[in-house]
Amino acid sequence: MIYTTHSEQETEALGARFAEKLPAGAVVALYGDLGCGKTAFVRGMARGMGLDATVTSPTFTIVNEYEGGEKPLFHFDMYRLAGAEELFDIGWEDYLARGGVCAVEWSENVPGAFEGDEIVVRFEKTGDSEREITIEGGPELC
Amino acid sequence: MLILSVESSCDETAVALVEDGRKVLTDEIFSQVALHKLYGGVVPEIAARSHLEVVTLLADRALRTAGKTRAHIDAVACTYAPGLIGAVLVGVNFAKSAALALGVPLIPVHHIRGHIAANYLAYPELEPPFLCLAISGGNTMLVDVRDYTDMSILGQTRDDAAGECFDKSARVMGLGYPGGKPIDDLSKQGDDHAYDLPRPAVHGDNPFDMSFSGLKTAVVNIAHHAQQTDEALDKAGLAASLCRAVSESLVGRTMDAAKMLGCQNIAVAGGVAANSRIRADFEAACKEAGKTLFVPPLRLCGDNAAMIGAQGYYEYLAGHTAGADLNAYATMEL
């Protein structure tokens, strides 16, 4: 499905709707350039998952963990990684085993890291604040 | 009291020896930059493995450099949160083993508290209470430091850290990584009113919260527009306008917070404190308001273990030690 949002707030709201029905163990691979709204989308996901947390960019830390809801949210950023091997180095499989939702920004940087059952979300900048967001796979949006 | 301290929460592996929280005997940092140069390519910079490979070597070197032996160590301190879990675990487990083997106390230290404590190393006269702005590639927060181990966050970024905004803006402008220094250098030749950049609007009711994501997006848009229309991008002007925008949102909020708290001393911590515009604006604002400004030298602004040894001393005095069941945490309240 393709969605069009017109502000950061709308992107965040879409993320919240998207995350409401995500099952434990879901891997969400996010693709898109700088400033496309990926972090805003994940902030919405946290809200949709009932997590009361300040979601900030994980670029520096590679992964931020949010717990306290029904299931945890692991917010990854592959911006500083050079390949799938480095994702395994930081314990990717351990995170998968923890029954949470993994949202992965800059999935472009880790080709081949996922096994084909990931949900793909693509962000495209169609204006200064307009974004086209394509979601492939996953549950129907409420 | 001699503390052996370890920091491994992200890219840097560091070990230091600090006496009584204020005097640094040695401060060893394993720099990945050297590794990059050595191999001429990208190395898995954040792998816990690389921390593990160097941490014991660094500890031995720290003792040698300081002319000390293991018997001189009175306690071992380590960063236990927050950070990349696999990386933090290496430092925690090294510290646990060392404390157990030496029969000395183990002191867990919060990474951001360490950054704040870097000021104690640079300024022997500084004592709480003070207000601290911690600004780096990973954090941007205003902290009310009431006492050495009693502090709370007044406000923080809702999205990107200030340093990340510089890094990512530098990337779209074709400058190097990390982006803070090249943007700072370039900004000195530019007009800080060349581009009209947004002042990050923060939704919500906390006046001390900040946002830098919109600013980053604005810079990306300006760079892309220039590319698409073949117009020359005034890089120096953009760099200067960006520094001004970041500085205004940091300095304004910090001065407001200082006024609200009625505190005399304002400290800045973290790598972004090296930005000359931010430094100059803080100096001017503090002078005008009659406040005293503390900004540690760059070496102490980035991740290092000396700051962990400094804060570790005060945590020890407050009775904050841990047993062999100490764990590492990816996230942790200040």
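The P(r) of the range B:128-295 has a tail past 19 Å containing 53 percent of all C-alpha pairs. Taking a Cβ cut-off of under 15 Å around B:THR292, the surrounding Lys, Arg, Asp and Glu residues balance to a net charge of 0, with basic ones at +1 and acidic ones at -1. Extension gain for B:LYS259-B:ASP20 works out to 82.8 nm (0.36 nm per residue, less the C-alpha to C-alpha distance). Over 18 Å between Cα atoms, which of B:LYS68/B:LYS96; B:LYS216/B:LYS259; B:LYS168/B:LYS216; A:LYS21/A:LYS125; B:LYS259/B:LYS287 qualify? Where the Cα-Cα span goes over 18 Å, the pairs concerned are B:LYS68/B:LYS96; B:LYS216/B:LYS259; A:LYS21/A:LYS125.
Taking each DSSP H run with n ≥ 4 as -39500 (n - 2.57) and averaging over every residue of chain B yields -14500 deg cm²/dmol at 222 nm. How far, in degrees from 0 to 90, does helix B:276-289 lean away from the longest principal axis of the Cα atoms of chain B, to the nearest 10? Rounded to the nearest ten degrees, it is 90. Between A:ALA24 and B:LEU334, the modelled labels are 3.4 nm apart [label points 7 Å from Cα along Cα→Cβ].
Taking only the Cα atoms of the range B:131-213, the ratio Rg/Rh comes out at 1.04, with Rh defined as the Kirkwood radius.
When Rg and the Kirkwood radius Rh are both evaluated on Cα atoms of the range B:77-178, their ratio Rg/Rh stands at 1.06. Based on alpha carbons, the Rg and Dmax found for the range B:168-242 are 13.1, 42 Å. Remark: chain B projects, on average over all directions, an area of 17.6 nm² (convex hull of Cα atoms). Counting only Cβ charges, +1 for Lys and Arg and -1 for Asp and Glu, the dipole size of the range A:20-110 around its Cα centre is about 340 debye. Build a GNM of chain B with springs between Cα atoms under 10 Å apart, and of B:PRO124, B:PRO105, B:PRO82 the one that fluctuates most is B:PRO124. In percent, how large is the relative contact order of the range B:128-295, given Cα pairs closer than 8 Å and 6 or more residues apart? Once divided by the residue count of the range B:128-295, the mean separation gives 27 percent.
The label point for A:ARG98 and the one for B:GLU288, both projected 7 Å from the Cα toward the Cβ, are 4.5 nm apart. Fraction of C-alpha pairs exceeding 35 angstrom in the protein assembly as shown: 32 percent, rounded to a whole number. Relative contact order, whole percent, for chain B stands at 25, derived from Cα pairs under 8 Å and 6 or more residues apart.
Every Cα-Cα pair in the range A:20-110 was counted, and those over 22 Å apart are 19% of them.
For the range B:59-115, the equivalent ellipsoid derived from the alpha-carbon gyration tensor has semi-axes of 21, 12, 11 Å in decreasing order. Across the range B:214-275, the convex hull enclosing all Cα atoms gives 93 Å³ per residue. For the range A:1-84, the list of trypsin sites (Lys or Arg not before Pro) that fall in a loop by DSSP and count at most 14 other C-beta atoms within 10 angstrom reads A:LYS21.
How much mean residue ellipticity at 222 nm does chain A get from its helices, if each DSSP H run of length 4 or more adds -39500 (n - 2.57) and you divide by all residues, to the nearest 500 deg cm²/dmol? The helix contribution divided over chain A gives -6500 deg cm²/dmol.
Of B:GLY204, B:ASN221, B:LEU326, which is farthest towards the positive pole of chain B's charge dipole, taken about the Cα centre with +1 and -1 on the beta-carbons of Lys, Arg and Asp, Glu respectively? Towards the positive end, the residue furthest out is B:LEU326. Structural descriptor for the range A:20-110: relative contact order 38 percent, calculated from alpha carbon pairs under 8 angstrom and at least 6 residues apart. Averaged over the residues of A:48-60, the number of partner chain Cβ atoms lying within 10 Å of the residue Cβ comes to 5. The label point for B:ASP325 and the one for B:ASP205, both projected 7 Å from the Cα toward the Cβ, are 3.9 nm apart. Between the amide H of B:ALA267 and those of B:LEU131, B:CYS132, B:LEU133, B:PHE294, distances stay under 5 Å, these residues lying 5 or more places away or on another chain, with hydrogens modeled in the peptide plane.
Since every read-out is calculated from the coordinates, none of them should be taken as a lab result. It should be emphasised that the depicted structure is a prediction, and the values quoted were computed from it without experimental measurement. As a convention, Cβ positions derive from the backbone with ideal geometry for all residues, glycine included, and neighbour counts pool all protein chains shown.
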